[in-house]
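Novice: Handing you this structure, nothing more for now.
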Ligand SMILES: N[C@@H](CCC(=O)N[C@@H](CS)C(=O)NCC(=O)O)C(=O)O
């Protein structure tokens, strides 16, 4: 089975979501360290434009967005389950709350403190991704975002008071999604005390950190491109195109509906109720399949 390559960087919360799941499932993986800001010359030949982090690669198959990566990992490595069948709906709802709402609460108060340690072009890079990501916007948003973060931490504390994980005795994707946001708060000692003063939450953090670093081996970006070039897209079967405004063979452009304006264009090769796969050609890697979830992405015929 081709190995899982995760294009990530250490500080990236969404990467931490996937790193925790890989560690929990004890799945060996290869890590390609990507830059914190664009350009990402070893990444965009794979995605066709998408520059958000992480990106998961298996040979010549590229998975964008952690919500899709989680499904892929779960289907290849079902045990131990992180998406228990009977709780798949609530797991996805909590994941969406954490990835979109909680994440937006924790970022401003932490980023304003981290700025001196970040690359000098960090703010220019992020404000190109979204009009809301300017320095003034982060500074202005920080006090309210911190107040909302505390509300969310209190809710998590209540949910964890009588159980080890958010949905009971076992770790699920709901924990991974909430964890990456809470973990990011460590970058601000001022905010981190809000976690340590909530005992059930702090114990949950320790429980998830106890999974350890996982079975990770580094890989260079050049090596990952070579692997893609020497492989053929392998995840193209299945799908059901019933409810879409586009069909197999159409050329489409895919772009996130929240932040990051870079598009992936390609020919639709597979459509399912919740995901889409396009095939594209790239001079650096040949034919490549790029997979996206449909939730959170605009897909338009071109
Ligand atoms: N919905 C996306 C969000 C990914 C995301 O926002 N990642 C951040 C880093 S944690 C990012 O890409 N920031 C810009 C960058 O790293 O270039 C996912 O689940 O993968």
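Novice: Cβ contacts < 7 Å: first residue farther than 11 Å from residue 181 by Cα, restricted to the stretch 9-20; second residue in a helix (DSSP H, G or I) and near the ligand (Cβ under 8 Å from one of its atoms), any location; separation 6+ or different chain. Result?
Specialist: 9/15; 18/66; 18/69
Novice: Among the residues of the stretch 213-238, write down those that are buried (at least 16 other Cβ atoms within 10 Å of the Cβ) and on the phi > 0 side of the Ramachandran plot.
Specialist: Scanning the stretch 213-238 gives a single hit, 214.
Novice: Using beta carbons and a limit of 7 Å, which pairs, at least six apart or on different chains, have the first residue in the stretch 232-258 and farther than 23 Å from residue 51 by Cα and the second one at pLDDT 95 or above and within 16 Å of the ligand (Cβ to nearest atom)?
Specialist: Taking only residues 6 or more apart or on different chains, the pairs are 246/299.
Novice: For residues that are at pLDDT below 95 and surrounded by 15 or more Cβ atoms within 10 Å (Cβ to Cβ), scanning just the stretch 240-270, find the one that is nearest to residue 71 (Cα to Cα).
Specialist: 241
Novice: Any residue at all in the stretch 92-108 that's free of Cβ contacts under 8 Å to residues at least 40 places away in the same chain and either buried (at least 22 other Cβ atoms within 10 Å of the Cβ) or not assigned by TED's automatic domain parsing to the domain that holds residue 147 (or both)?
Specialist: Yes, because at least one residue in the stretch 92-108 is free of Cβ contacts under 8 Å to residues at least 40 places away in the same chain and either buried (at least 22 other Cβ atoms within 10 Å of the Cβ) or not assigned by TED's automatic domain parsing to the domain that holds residue 147 (or both).
Novice: Taking the condition touching a strand residue (DSSP E or B) at 6+ places or on another chain (Cβ under 7 Å) and either in the same structural domain as residue 157 (by TED's automatic domain parsing) or assigned to a loop (DSSP other than H, G, I, E, B) (or both), does residue 236 pass?
Specialist: Values: touching a strand residue (DSSP E or B) at 6+ places or on another chain (Cβ under 7 Å): yes; either in the same structural domain as residue 157 (by TED's automatic domain parsing) or assigned to a loop (DSSP other than H, G, I, E, B) (or both): yes.
Yes.
Novice: Let me ask something else. Which of the residues spanning the stretch 68-77 are over 22 Å from residue 229 (Cα atoms) and crowded, with 23+ Cβ neighbours inside 10 Å?
Specialist: Within the stretch 68-77, the first condition is being over 22 Å from residue 229 (Cα atoms), and the residues that meet it are 68, 70-71, 73-77.
70, 73, listed by residue number.
Novice: Looking at (1) in contact with a helix residue (DSSP H, G or I) (Cβ under 8 Å, 6 or more places away or on another chain); (2) within 10 Å of the ligand (Cβ to nearest atom), which is the one condition that is false for residue 126?
Specialist: Going through (1) in contact with a helix residue (DSSP H, G or I) (Cβ under 8 Å, 6 or more places away or on another chain); (2) within 10 Å of the ligand (Cβ to nearest atom) one by one, residue 126 breaks only (1).
Novice: Of all the residues that make up the stretch 116-175, how many are over 22 Å from residue 190 (Cβ atoms) and in a helix (DSSP H, G or I)?
Specialist: Looking only at that region, the number is 11.
The values are calculated or read from the model by the stated rules, or taken from the named source; none is laboratory data. Remember, predicted model here, so these are calculated numbers, not experimental data. All Cβ positions, even for glycine, are placed from backbone atoms using ideal geometry, and neighbour counts span all protein chains on display.
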